[in-house]
Amino acid sequence: MYPPKFDYYRANSIDEAFALMGQLGDAKLLAGGHSLIPALKLRLAAPSALIDIGRIGELKGISRNGSTATIGALTTHATVAAASDLPAALTEAAGWIGDPQVRNRGTVGGNIAHADPASDLPTVLTALGATMNMRGLNGARSVSADDFFIDLFMTALGEDEILTSVDVPVDGAGTAYAKLFNPASRYAIVGVAAKVSVSGGQCTSARVALGGLTPSAVRAPSVEAALVGKALTADNIAAAAAQVGGDLDDVMGDIHASEEYRRAMAPIYVQRAVSKAAERAG
Ligand SMILES: Cc1cc2nc3c(=O)[nH]c(=O)nc-3n(C[C@H](O)[C@H](O)[C@H](O)COP(=O)(O)OP(=O)(O)OC[C@H]3O[C@@H](n4cnc5c(N)ncnc54)[C@H](O)[C@@H]3O)c2cc1C
């Protein structure tokens, strides 16, 4: 299927991208194109112009400052998957995205700006407590992952803003991602990310997020509360995971999986993610 006609522009810097955004009314930014081009072909979007930001060097790469890793918006999933000093939940999630072609072209920024409910990175970045950095004509701002993912394909990113990078805490906590994937695309039917810290044999903090089930990635506060203060034994993790149903409003059903099936799978994948994170937390 062919996309509707559009004019193509290439920006070589962030400033050039802003200048083009100012000139062109309903233009869309193009990064890896692995969500936008399918959306154009399906006529879900029909912008008159695309601004290709894919070659802007300052938006690429991973850097480290103390206990924070900063991932440029144009960093590909393949680069994240191969990184040695990022939380395990993030590298394993990136390594399970789509296929090698998708991972080599698709970008972290495009994935989270698009905010597909079945995408992996919104879930993982929510569990990790990441911060999204964006720039607009009126300056730069940062928004926590908890506040960034608002609804189905909807984020806190303004129409006139560019997501520049993501800050991820690298603090020694145990992290893991577990996903029940669509065998055709690898998108998540149920995806669960967990981050736990353990001290003196007890869980001192827990963040658990789910994706694939609800319009946007969500935290599981009941599960988190049931983990903190307990030893992370198999029984305690199973008991905490069993609470997840109460954290899930608005569970979706579609041709890939019914609402009931997604609800039934949620505690199993919570259990898997938390168990692996606990193992990694030592
Ligand atoms: C066959 C297939 C399988 C896939 N499987 C998975 C999977 O298993 N898990 C998963 O998570 N994803 C999956 N994806 C999606 C993939 O990860 C995409 O790469 C990603 O969702 C979009 O990134 P992109 O760089 O291609 O963005 P694009 O498609 O170029 O852009 C997507 C949207 O984000 C906007 N945008 C892009 N960059 C920025 C920026 N820096 N600032 C502001 N707005 C921006 C664009 O304007 C557009 O609206 C799959 C895709 C395909 C085609």
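Rule-based calculations on the coordinates, nothing more; no lab input. Just so it is clear, the model here is predicted, and its values are computed rather than measured. Backbone-built Cβ (ideal geometry, glycine too); neighbour counts: all protein chains shown.
Over the chain, the fraction of Cα-Cα pairs per 10 Å bin, rounded to whole percents and listed from the shortest bin up, is 7, 30, 34, 20, 7, 1, 0. Taking every C-alpha pair closer than 8 Å and separated by at least 6 residues, the mean separation divided by the residue count of segment 62-169 gives a relative contact order of 30 percent.
Is any helix in the chain, taking whole DSSP H runs, at least 30 angstrom long along its axis by alpha carbon and on average at least -1.0 on the Kyte-Doolittle scale, and which ones? In the chain, the long hydrophobic H runs are 259-281. Using the Cβ-Cβ distance between residue 65 and residue 15 with R0 set to 22 Å, the FRET efficiency works out to roughly 0.40. What's the longest uninterrupted piece of the chain once you rule out the trypsin sites (Lys or Arg not before Pro) that are loop residues per DSSP with at most 10 other Cβ within 10 Å? For trypsin sites (Lys or Arg not before Pro) (loop position, at most 10 other Cβ atoms within 10 Å), the longest site-free span of the chain is 44-282. Straightening the chain between residue 279 and residue 153 buys 42.0 nm, computed as 0.36 nm per residue apart minus the Cα-Cα spacing.
Would you tally the net charge around residue 7, using a Cβ to Cβ cut-off of less than 14 Å, leaving residue 7 out, and scoring K and R as +1, D and E as -1? Computed value for this residue: +1.
Structure remark: mean-square fluctuation, Gaussian network model of the chain, C-alpha springs under 10 Å; the largest value among 129, 201, 54 belongs to 201. The Cα atoms of segment 140-192 cover 38, 31, 16 Å along the three principal axes, with the biggest extent listed first. For segment 3-105, what D do you get in µm² per second when you plug the Kirkwood radius from alpha-carbon pairs into Stokes-Einstein at 10 °C and 1.306 mPa s? Reported coefficient: 105 µm²/s.
Comparing 53, 14, 37 in a Gaussian network model of the chain, where Cα atoms under 10 Å apart are tied by springs, the biggest mean-square fluctuation is seen for 37. Within the listed set 261, 269, 177, the residue fluctuating most in the Gaussian network model of the chain (springs between alpha-carbon atoms under 10 angstrom) is 261. Between the alpha-carbon centres of segment 223-282 and segment 96-126 there is a gap of 22 Å. The residues packed around residue 130, meaning those with a beta-carbon under 14 Å from its beta-carbon, carry a net charge of -2 if Lys and Arg are +1 and Asp and Glu are -1.
Near residue 36, within a Cβ-to-Cβ distance under 12 Å, what is the net charge of the other residues, with Lys and Arg +1 and Asp and Glu -1? Display every interim value, and only then the final one.
Values: positive: 28, 41, 105; negative: 52, 116.
Once positives and negatives cancel, what remains is +1.
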